[in-house]
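This report concerns only the one structure given below.
The values are calculated or read from the model by the stated rules, or taken from the named source; none is laboratory data. The shown structure was predicted, so the numbers you read here are calculated from the model rather than taken from an experiment. Using ideal geometry, Cβ is built from the backbone for each residue, glycine included, and neighbour counts are taken over all protein chains shown.
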């Protein structure tokens, strides 16, 4: 029997077709952009933070002018040119994932917002605000992949949601060089559940964005390497850090959620007065703490992790207050890095009561405990700290401390901070949409 000429099957023709590859190329390109954006925000943020501290060391009175002025300018730019870019950015990503099927996420996630987030987070760090760049990187990552989905003509709600989750997770992975924590963040925080069909999209995005950031920044551990470990008799340090971190983190979350709601009317009527008061508070706290409460807190946390730091016992308290004031001011900026620095300070303080245990062990237990207390995502917290410090020996103590802190935090704050902020952000967005639809023009 003679066979005719070979012809490609329909499936092979579809795989080789333009419609198959165009969306993927657009999507992979957006993942590269996420990595580049994370690296850019890291470089810009570090430069801004360093420049501010240089000015502070030269003129100790400079923050009294720079901090209020910078916060007012940041708030004005946010309201005028980049609405939706305020705060951490993680609540906006969660709100976009929670929208009804068919609603466009472009009001919450867009290239314009991504650009504004990078610029305004940098401005906030130059102003000495106690903010991080990791939440903004999540927002930027989700915005870029969501925009790529729209460019590629992707309209399936499930796939749109997977792209947003992937971009947000890639932001965490690229910012901290912690790919496993990025996956856990997508599952535990962004989704609060797990969608099986999204796993491949999430992992590929994290891989591409992470490799892009590593190609620029190099392969590094965020807080350096520590080999600290706990002997069985030293495990009392674990519940001590877990309880303290849960109490401090839960109180922080409760105040952010309650005060952001109670201050909504004041913020709406007098936003620049609030920014002025917040800027002056940040400057005063910086003066009291000799500059340690300014910025992300990364130098202080890293010094505590690797050993040799001599910070006053008041450091975590001034950092806690500076982070609260910075977030309530309404400027763009994240919580992760300041939370890790605050936790490192609490851990160092608690470690002084356990002289037999390594101080570095107390520091990283404090980090994971306070972070768990703030965000109430224990798996993400212990994985991210473990990857940041390259310390597998502390896995079980970190897990236990994260779980204790989360349970304690939930007694003070029943609603997880990002979920609560996302619900309020989504409600406000829907109210604005309804008002716009009801408005028929001037009478």
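Structure notes:
- Scan of the stretch 119-134 for residues that are closer than 27 Å to residue 64 by Cβ and in a helix (DSSP H, G or I), ordered by number: 119, 120, 121, 122, 123, 124, 125, 126
- Against the numbered list (1) surrounded by fewer than 24 Cβ atoms within 10 Å (Cβ to Cβ); (2) more than 18 Å from the chain's Cα centre (by Cα); (3) more than 26 Å from residue 97 (Cα to Cα); (4) at pLDDT below 90, residue 398 comes up short only at (1).
- Filtering the stretch 305-319 to residues that are at pLDDT 90 or above and assigned to a helix (DSSP H, G or I) leaves 315, 316, 317, 318, 319.
- Taking the criterion of being closer than 23 Å to residue 87 by Cβ and buried (at least 24 other Cβ atoms within 10 Å of the Cβ), the residues of the stretch 138-153 that qualify are 138, 139, 140, 141, 142, 143, 144, 145, 146.
- Residue check for residue 322: buried (at least 24 other Cβ atoms within 10 Å of the Cβ), assigned to a helix (DSSP H, G or I), touching a helix residue (DSSP H, G or I) at 6+ places or on another chain (Cβ under 9 Å) and modelled with pLDDT under 95: no
- Residue among 285, 359, 340, 304 that is more than 17 Å from residue 131 (Cβ to Cβ), touching a residue at least 12 places away in the same chain (Cβ under 8 Å) and buried (at least 24 other Cβ atoms within 10 Å of the Cβ): 304
- Among residues of the stretch 332-385, those that are farther than 18 Å from residue 184 by Cα, touching a helix residue (DSSP H, G or I) at 6+ places or on another chain (Cβ under 7 Å) and not in a helix (DSSP H, G or I), counted: 6
- Taking the numbered list (1) in a loop (DSSP other than H, G, I, E, B); (2) crowded, with 18+ Cβ neighbours inside 10 Å in turn, residue 67 passes all entries but (1).
- Considering 57, 86, the condition of being touching a strand residue (DSSP E or B) at 6+ places or on another chain (Cβ under 9 Å), touching a residue at least 24 places away in the same chain (Cβ under 8 Å) and either within 18 Å of residue 134 (Cβ to Cβ) or assigned by TED's automatic domain parsing to the domain that holds residue 148 (or both) is satisfied by 86 alone.
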